[in-house]
Amino acid sequence: MQLVINTYGTYVHIKDELFEVTLTKDGTKQKHHFASQKVTSILLSKGAAISTDAIILAMKNNIDILVFEYDGMPIGRFWHSRPGSTSRIRKQQLEASLNKTGVTWIKKWLAGKLENQIAFLKRLKNHRPSNSELIQEKIDAILALKIKIEKLEGDKIEQVDGTFRGWEGSAGRIYFQTLSMLLAEKYRFEGRNFRPATDSFNAFLNYAYGVMYSRVEKVLVVAGLDPYVGFMHRDDYNMKSMVFDFIEPYRIYADEVVFKLFSAKKVNDKHTSAITNGVSLNSEGKNLLLQALMKFLDEDKIRYKGRNQTRNNAMQQDAHQFANSLI
């Protein structure tokens, strides 16, 4: 279970070895209690507070504590001070970033991303016969770009990263144009836009991606990988490059949840608020999205590599496989 604390003024502390969450709602102070054995992570938005006793209890029970911005972008987290695996993995990760191994993995992740986009569009096509021909045209265009990515060779990522980005960007434009076309006219959007989002769909998607970034960072660290040593994304200051590399095939989780919320008409004007130069999710919008996304990631089961498991477990399994391949 994840504790998501996104109400301004909420306080998390300890009482009788339980997490006690205190908040004020409609002028009334409310207290909720949670056993540490049932909590897997605590997500804290700006404006919330947590005691050091609560942090210590979380660390003793290997509970991840994440602090994030109002738009869902993770800022930082509390980790236990003991390393979770051998440093050999990180040494090999750094070496792989400088040779063909990095190229091989980037091809796998980007091709997987496009394959997931294609699969999602195929599912949408099956339920929209009036748009089936147009959707198929978009699928074929993305498939052609996927094949190009799979065929491109290079001994070092700097030889091919610009080409990869171009093809990935072209596929992304086609994909999101198609999703926009399939939404109710009120919620259609002009491509991807970021902090701040200029429309409701992108506001939801940006927040969902922020949650996914934190999930990906955690599975990487648990697998013994360095979230800052990436293969394709730039090694800028404080840039978690490997998070942005590894997340590519899993962005579809956020895409699917957000699209389904809009297409099922569960989103309305009360879920977003106007801000300077854009749109932001308010508390109602965040709660709607987080409930759907957490269920999708942590409760719903999929058949993956011969086992019925959650999407989050599948992502963790992939991270371990990646780490083991390096050594």
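The residues of region 118-159 that are of a type in the set (Val, Ile, Thr) and either modelled with pLDDT of 95 or more or touching an Asp or Glu at 6+ places or on another chain (Cβ under 8 Å) (or both), listed by number, are 118, 135, 139, 142, 147, 149. Among the criteria (1) over 25 Å from residue 45 (Cβ atoms); (2) assigned to a helix (DSSP H, G or I), the one residue 256 does not fulfil is (1).
Residue-wise test of (1) touching a helix residue (DSSP H, G or I) at 6+ places or on another chain (Cβ under 6 Å); (2) in contact (Cβ under 8 Å) with a residue 12 or more places away in the chain; (3) assigned to a helix (DSSP H, G or I).
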{"site": "123", "(1), (2), (3)": "no, no, yes"}
{"site": "134", "(1), (2), (3)": "no, yes, yes"}
{"site": "141", "(1), (2), (3)": "yes, yes, yes"}
{"site": "150", "(1), (2), (3)": "yes, yes, yes"}
{"site": "166", "(1), (2), (3)": "no, no, yes"}
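Just so you know, in region 4-13 the residues that are among the hydrophobic types (A, V, I, L, M, F, W, C) and under 10 Å from residue 50 (Cβ atoms) include one that is surrounded by the most Cβ atoms within 10 Å (Cβ to Cβ), and it is 12.
Does region 1-13 contain any residue that is modelled with pLDDT of 85 or more and more than 24 Å from residue 211 (Cα to Cα)? Give the steps one after another, and end with the answer.
Of all residues in region 1-13, those modelled with pLDDT of 85 or more come to 10-13.
Next, from what is left, pick out any that are more than 24 Å from residue 211 (Cα to Cα): none.
Checked region 1-13: no residue is modelled with pLDDT of 85 or more and more than 24 Å from residue 211 (Cα to Cα).
Could you please give the count of residues in region 207-247 that are surrounded by 21 or more Cβ atoms within 10 Å (Cβ to Cβ) and charged (D, E, K, R)? Within region 207-247, residues that are surrounded by 21 or more Cβ atoms within 10 Å (Cβ to Cβ) and charged (D, E, K, R) number 5. Annotation: of all residues in region 1-57 being among the charged types (D, E, K, R) and assigned to a loop (DSSP other than H, G, I, E, B), the one that is nearest to residue 282 (Cα to Cα) is 46. Here region 132-155 is the region considered, the condition is being touching a Ser or Thr at 6+ places or on another chain (Cβ under 9 Å) and of a type in the set (Gly, Ala, Ser), and the residue that is farthest from residue 116 (Cα to Cα) is 154. Exactly one residue among 274, 319 is in the same structural domain as residue 243 (by TED's automatic domain parsing) and surrounded by fewer than 17 Cβ atoms within 10 Å (Cβ to Cβ), and that residue is 274. One residue stands out in region 58-117 among those that are at pLDDT below 80 and aromatic (Phe, Trp, Tyr): the one that is surrounded by the most Cβ atoms within 10 Å (Cβ to Cβ), namely 68.
Checking each residue in region 270-327 for being under 17 Å from residue 256 (Cα atoms), in contact with an Asp or Glu (Cβ under 7 Å, 6 or more places away or on another chain) and not in a helix (DSSP H, G or I) picks out only 310.
Within region 133-151, the set of residues being surrounded by 15 or more Cβ atoms within 10 Å (Cβ to Cβ) and farther than 17 Å from residue 110 by Cα comprises 135, 138.
Would it be correct to say that residue 214 is more than 30 Å from residue 327 (Cβ to Cβ) and assigned to a helix (DSSP H, G or I)? The answer is no for residue 214. The set of residues in region 168-205 that are part of a helix (DSSP H, G or I), among the aliphatic types (A, V, I, L, M) and touching a strand residue (DSSP E or B) at 6+ places or on another chain (Cβ under 7 Å) contains only 203. Scanning region 152-164 for residues that are part of a helix (DSSP H, G or I) and either on the phi > 0 side of the Ramachandran plot or surrounded by 14 or more Cβ atoms within 10 Å (Cβ to Cβ) (or both) turns up 157, 161, 164.
The values are calculated or read from the model by the stated rules, or taken from the named source; none is laboratory data. Note that the coordinates shown come from a computational prediction; the quantities given were computed from them, not determined experimentally. So basically every Cβ, Gly included, is an ideal-geometry build from the backbone, and we count neighbours across all protein chains shown.
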